[in-house]
Amino acid sequence: MTSGHTAALDDPVSESLRGHHAGLGRRLGRAATYLSEVATFSSVPADAEAADWADLARLLGRDAFADMFSCPAPPPPNWEPVFVLDGRQLIWSGGSRPDQARAGTGADVVELGADDVRQMLDLVAETRPGPFWARTHELGTYLGIRVGGRLVAMAGERLRPPGWTEISAVCTAPQARGQGHAARLVGALVTRILARNERPFMHVAETNSAAIALYERLGFVTRKRVTFRGFRTP
């Protein structure tokens with residue numbers, strides 16, 4: 001298995017839009033952004049100049065939301081701050097495969113697609129795991145667990161910098177928690193990612209101590225602390 005160079009994780013949005021997700025985004029000069037129904041993530045280089053921010057503004061339009069993810073470059077002063085969130089980036093260190101007890105892919109673990117978007121959006125609205133839009137599922141494989149026909153847990157693939165795949169949208173409905181659904185889904189995704197010679201990584205809010213503890217038990221370790229930031233264009 002290739003280890004994947006960790007430098008690609010320093011700018012995972014731009015690296016994804018330059019490669020695996022090029023067809024799901026738009027680029028102008030050194031600025032890039034996803035199609036709005038796929039994701040709100042945008043990117044400029046860490047050494048961004050005024051021209052780069054101007055290009056991103058042209059891509060997004062006036063009074064548009066720019067989720068800059070963990071980009072450290074400060075925008076022009078007329079870009080309105082929307083949010084700042086401390087978090088961390090985790091990478092897989094659990095070896096060539098996850099604990100098989102936590103990586104089950106039984107009959108109740110199903111692959112989700114376009115026909116499941118309504119249920120996926122409903123679950124996201126109930127659990128608020130992070131940004132998820134009508135076409136976010138096109139970023140990669142999404143897996144779910146249903147109980148009585150209702151989707152109660154989900155996890156999927158998001159950013160795809162070279163050699164890596166991000167696991168994201170990990171969520172479980174309140175009435176279905178405590179049954180190991182999240183661990184099983186994350187384990188199943190880890191297995192799939194490793195099978196194609198890539199390494200899994202994740203992002204999590206610093207305040208989400210329960211999720212951090214779970215991911216560490218599953219075999220993830222902190223690579224670095226990050227700050228997520230969003231702005232509105234002038």
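The values are calculated or read from the model by the stated rules, or taken from the named source; none is laboratory data. Worth saying up front: this structure is predicted, and the values here are computed from it rather than measured. Methodologically, a virtual Cβ is constructed for each residue, glycine included, from the backbone with ideal geometry; neighbour enumeration extends over all protein chains shown. What goes into the accessible areas is simple: the full protein's heavy atoms, side chains included, and nothing from ligands, DNA or RNA. Shrake-Rupley method; radii C 1.70, N 1.55, O 1.52, S 1.80 Å.
Here are some notes:
- Of the set (1) in contact with a Gly (Cβ under 9 Å, 6 or more places away or on another chain); (2) assigned to a helix (DSSP H, G or I), all apply to W53 but (1).
- Close pairs (8 angstrom Cβ cut-off, 6 or more residues apart or separate chains): of a type in the set (K, R) in region 57-71, open to solvent by 10 Å² or more (accessible area, probe 1.4 Å) anywhere: R58/L28; R62/P234
- Failed item in (1) more than 22 Å from A7 (Cα to Cα); (2) open to solvent by 20 Å² or more (accessible area, probe 1.4 Å); (3) more than 13 Å from the chain's Cα centre (by Cα), with A173 passing the rest: (2)
- Residues of region 26-69 classified as open to solvent by less than 20 Å² (accessible area, probe 1.4 Å) and closer than 25 Å to R88 by Cα, total: 14
- Any hit, region 171-189, residues being part of a strand (DSSP E or B) and of a type in the set (S, T, N, Q): yes
- Looking only at region 74-116, and only at residues there that are at pLDDT 95 or above and assigned to a loop (DSSP other than H, G, I, E, B), the one that is surrounded by the most Cβ atoms within 10 Å (Cβ to Cβ): P75
- Test for T227: is it under 17 Å from the mean Cα position of the chain (by Cα), of a type in the set (S, T, N, Q) and either farther than 19 Å from S43 by Cα or open to solvent by 10 Å² or more (accessible area, probe 1.4 Å) (or both): yes
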